[in-house]
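Have a look at the structure below before the remarks.
The values are calculated or read from the model by the stated rules, or taken from the named source; none is laboratory data. Values in this document were obtained by computation on a predicted structure and should not be read as measured data. For neighbour counting, all protein chains shown are included, and Cβ atoms are generated from backbone atoms with ideal geometry for every residue, glycine included.
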Ligand code: FES
Ligand SMILES: [Fe+2]
C-alpha cells in the first residue's frame, strides 16, 4: 500500500488538502475533527481498501501512519 | 389553560387517566417484541393487568389474571412461555378460553374465558383498546410519512428501558419540547448540532403531532452527511402519538421508538427501540456499525441527562406552591394539555 495514496484518500475523506497531512499527523488533533470524520474515514477504508474499520480502531490510532497500518492489516 | 399541578400527583386522577384516557388508545409494544408463538408481554398499570400474546391465531390481548385464584398468568415483562398459569397450571387457548384445569371439571366453572381486548396494528406498532373498542390510529401513517419513517422497519438493533420516578405526563412534555436542549444535553443533542435555538417547526392532527428540528445554516452538516448518503440530512424529526408513543428520525439514518407506561402517579416505565432507517441500511457494514454504536451512546446519554430533570419536576409539582406557566417555547406542550383536557372532559360524559 502506497503511503502517499493513503494520505490523499484520507485527506479527501475528511475534506482537507493532502499537503497538510503527513504520516505522523495526529489526525484527532486537527481543527474540526468530529464524529462525522470518523464515519468518513471508515467509509473510505471500506470503499478504497475493502478494509473494515471500527470506531475504536480510529479512537486507538494516534497518527495517520498508525491508522494506515491498521487498514493494511485488514485488507483482503 | 394548562394541566393543574395536582394532576401529576393525585392517585384519583391517575386512575381516571388509565380508565378514560389510556382506555381509548394505548401503545403497547412493537411486533418485534413478540417474535414467535408463545411470546408474551405482560404489564400492570393502574387497575389493569394485561398480557399480549403471539398466539397461533396472531397477536391477542387478554386480562392477565387467572380464572382460578387470580394469580398473574404471565409474569410481568416479556418472554416466551405456554399460556398457562404458573400456580396450579390452568391453561388457556388462543382465544382466551380456559383449556384445561388439572383435577377440576372445567364445565362446572362459572367463568371459563379471559376477558380480551382489541388490538390495532399499524405497521409494526401494536395499540390496545382497553375500553373494548379497537383503538383509532388512522392518523399515524401521515405523521410517519412527514417524519420520513417507514411504517414497517427492520428488527431493532438495540432496546432498553428506564424506570423514571415521575408522572408519565412529565415524560411526554419533556419529549415534545426542544427548549431544554441547550441546558441539559451537553453529551448528546448539543454536540449533534441540535440546540434550543435550532429551527424548530411543528404541526398537529387530531391526536398526533410532529416536529422538525434543523441546525441553523451555519452549523448544518447536511453537505457532509450527504457525502456518506444522498438520502441523509442533518435534522431531527419527532412524532408523538397521543398518549404514549414517540418516534424520532435522526439525520434520516436512525429511527428511535419510545413509549411510556404509567405504573403509578409518580412511577413510569420508559422503553425504547433503535432501528435503522432506509438510508442507513443502504450503507456499507462498517459505516452502519459505527452509526449504530454512536446512536446507542447518544440515546443512553440523552436519557440519563433528562432523567434528573423530569424527576426534579415531579418533586417540585408535589410541593405546596406548585404552579405551571407555559410560555411560547412550550407551545407543543400547550397542545398536549389542550388535548388532554378534551379527552378527560369527553370521557366524563
Ligand atoms: S391461580 Fe392460576 S391456576 Fe390457580
Ligand atoms: Fe431531553
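Among the residues of region B:88-98, which ones are surrounded by fewer than 19 Cβ atoms within 10 Å (Cβ to Cβ), more than 7 Å from ligand 1 (Cβ to nearest atom) and either without any contact (Cβ under 8 Å) to a residue 12 or more places away in the chain or more than 20 Å from residue B:59 (Cβ to Cβ) (or both)? Explain how you work it out, then say what you get.
To start, the set of residues in region B:88-98 that are surrounded by fewer than 19 Cβ atoms within 10 Å (Cβ to Cβ) comprises B:88-89, B:91, B:93-95, B:97.
From the residues that got through so far, the ones that are more than 7 Å from ligand 1 (Cβ to nearest atom) too are B:91, B:93-95, B:97.
Those that are surrounded by fewer than 19 Cβ atoms within 10 Å (Cβ to Cβ), more than 7 Å from ligand 1 (Cβ to nearest atom) and either without any contact (Cβ under 8 Å) to a residue 12 or more places away in the chain or more than 20 Å from residue B:59 (Cβ to Cβ) (or both): B:91, B:93.
I'd like to check something: does region B:247-261 contain any residue that is outside any loop (DSSP other than H, G, I, E, B), within 14 Å of another protein chain (Cβ to nearest Cβ), more than 26 Å from residue B:334 (Cβ to Cβ) and more than 19 Å from the chain's Cα centre (by Cα)? Quick ask: steps written out before the conclusion?
So in region B:247-261, the residues outside any loop (DSSP other than H, G, I, E, B) come out as B:247-250, B:254-261.
Remaining after also requiring within 14 Å of another protein chain (Cβ to nearest Cβ): B:250, B:254.
After this cut, where a residue has to be more than 26 Å from residue B:334 (Cβ to Cβ) as well, the list is B:254.
Filter once more, so that each one left must be more than 19 Å from the chain's Cα centre (by Cα): none.
The answer is no; no qualifying residue exists.
What residue, among those in region B:78-91 that are more than 17 Å from residue B:127 (Cα to Cα) and within 26 Å of the chain's Cα centre (by Cα), is nearest to ligand 2 (Cβ to nearest atom)? It would help to see each step written out before you state the result.
First, the residues of region B:78-91 that are more than 17 Å from residue B:127 (Cα to Cα): B:79-91.
Next, only the ones that are within 26 Å of the chain's Cα centre (by Cα) stay: B:79-81, B:83.
Details: B:79: 31, B:80: 34, B:81: 36, B:83: 39 Å.
The extreme case among them is B:79.
What strands (runs of 3 or more DSSP E) lie completely within region B:112-226 and have 2 or more residues being touching a residue at least 60 places away in the same chain (Cβ under 8 Å) and farther than 24 Å from residue B:34 by Cβ? First the steps, then the outcome.
Working: elements: B:119-122, B:125-128, B:158-164, B:199-204, B:208-214.
Fully inside region B:112-226 and qualifying: B:199-204, B:208-214.
In the set B:297, B:267, which member is within 14 Å of another protein chain (Cβ to nearest Cβ) and either over 30 Å from residue A:51 (Cβ atoms) or within 16 Å of ligand 2 (Cβ to nearest atom) (or both)?
Working: B:267 fails: within 14 Å of another protein chain (Cβ to nearest Cβ).
Only one candidate passes the filter, namely B:297.
Which is modelled with pLDDT under 95 and either in contact with a helix residue (DSSP H, G or I) (Cβ under 9 Å, 6 or more places away or on another chain) or assigned by TED's automatic domain parsing to the domain that holds residue B:181 (or both), of B:263, B:247?
B:263
Of all residues in region B:14-60, count the ones that are surrounded by fewer than 20 Cβ atoms within 10 Å (Cβ to Cβ), outside any strand (DSSP E or B) and at pLDDT 95 or above.
9
Take the residues in region B:73-87 that are surrounded by fewer than 16 Cβ atoms within 10 Å (Cβ to Cβ) and outside any strand (DSSP E or B), then tell me which one is farthest from ligand 1 (Cβ to nearest atom).
Looking at the filtered set, the residue picked out is B:76.
Would you be able to say whether some residue in region B:219-231 is more than 14 Å from every other protein chain (Cβ to nearest Cβ) and either touching a helix residue (DSSP H, G or I) at 6+ places or on another chain (Cβ under 8 Å) or surrounded by fewer than 21 Cβ atoms within 10 Å (Cβ to Cβ) (or both)? Quick ask: steps written out before the conclusion?
Initial filter on region B:219-231 (more than 14 Å from every other protein chain (Cβ to nearest Cβ)): B:231.
Checking the rest, the ones that are also either touching a helix residue (DSSP H, G or I) at 6+ places or on another chain (Cβ under 8 Å) or surrounded by fewer than 21 Cβ atoms within 10 Å (Cβ to Cβ) (or both) come to B:231.
Yes, region B:219-231 contains a residue that is more than 14 Å from every other protein chain (Cβ to nearest Cβ) and either touching a helix residue (DSSP H, G or I) at 6+ places or on another chain (Cβ under 8 Å) or surrounded by fewer than 21 Cβ atoms within 10 Å (Cβ to Cβ) (or both).
Go through the residues of region B:22-40 one by one and say whether even a single one is more than 16 Å from ligand 1 (Cβ to nearest atom), within 27 Å of residue B:267 (Cβ to Cβ) and touching a helix residue (DSSP H, G or I) at 6+ places or on another chain (Cβ under 6 Å).
No, region B:22-40 contains no residue that is more than 16 Å from ligand 1 (Cβ to nearest atom), within 27 Å of residue B:267 (Cβ to Cβ) and touching a helix residue (DSSP H, G or I) at 6+ places or on another chain (Cβ under 6 Å).
If we keep just the residues of region B:311-347 that are at pLDDT 90 or above and part of a loop (DSSP other than H, G, I, E, B), which is farthest from residue B:13 (Cα to Cα)?
So, considering only residues that are at pLDDT 90 or above and part of a loop (DSSP other than H, G, I, E, B), the one farthest from residue B:13 (Cα to Cα) is B:327.
Which members of region B:277-294 meet the condition of being assigned to a helix (DSSP H, G or I), buried (at least 16 other Cβ atoms within 10 Å of the Cβ) and within 14 Å of chain A (Cβ to nearest Cβ)? Please lay out each step first, then the result.
Kept after step one, since they are assigned to a helix (DSSP H, G or I), are these residues of region B:277-294: B:278-281, B:285-294.
Subset that is buried (at least 16 other Cβ atoms within 10 Å of the Cβ): B:278-280, B:286-292, B:294.
Matches in region B:277-294: B:279, B:280, B:286, B:287, B:288, B:289, B:290, B:291, B:292, B:294.
Where residues in region A:18-36 are within 9 Å of another protein chain (Cβ to nearest Cβ) and in a helix (DSSP H, G or I), which of them is farthest from residue B:233 (Cα to Cα)?
Once the filter is applied, the top-ranked residue is A:35.
Residue by residue, here is whether (1) surrounded by 17 or more Cβ atoms within 10 Å (Cβ to Cβ); (2) modelled with pLDDT under 95; (3) over 30 Å from residue A:32 (Cβ atoms); (4) within 13 Å of ligand 2 (Cβ to nearest atom) holds:
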site	(1), (2), (3), (4)
B:106	no, yes, yes, no
B:119	yes, no, yes, no
B:126	yes, no, yes, no
B:160	no, no, yes, no
B:167	yes, no, yes, no
B:174	yes, no, yes, yes
B:184	yes, no, no, yes
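Can you confirm whether region B:312-327 contains a residue that is within 17 Å of the chain's Cα centre (by Cα) and surrounded by 14 or more Cβ atoms within 10 Å (Cβ to Cβ)? Please lay out each step first, then the result.
The first filter runs over region B:312-327 and keeps only residues within 17 Å of the chain's Cα centre (by Cα), leaving none.
No, the conditions are met nowhere in region B:312-327.
Would you confirm, using the coordinates I've provided, whether residue A:51 is out of contact with any strand residue (DSSP E or B) (no Cβ under 8 Å at 6 or more places or on another chain), within 11 Å of another protein chain (Cβ to nearest Cβ) and assigned to a loop (DSSP other than H, G, I, E, B)? Step through it out loud before you land on a result.
Working: out of contact with any strand residue (DSSP E or B) (no Cβ under 8 Å at 6 or more places or on another chain): yes; within 11 Å of another protein chain (Cβ to nearest Cβ): yes; assigned to a loop (DSSP other than H, G, I, E, B): yes.
For residue A:51, the condition - out of contact with any strand residue (DSSP E or B) (no Cβ under 8 Å at 6 or more places or on another chain), within 11 Å of another protein chain (Cβ to nearest Cβ) and assigned to a loop (DSSP other than H, G, I, E, B) - is met.
How do the pairs read when you match residues in region B:53-70 that are more than 14 Å from chain A (Cβ to nearest Cβ) with residues anywhere that are within 16 Å of ligand 2 (Cβ to nearest atom), using Cβ under 6 Å and keeping only pairs 6 or more apart or on different chains?
From region B:53-70, no pairs qualify.
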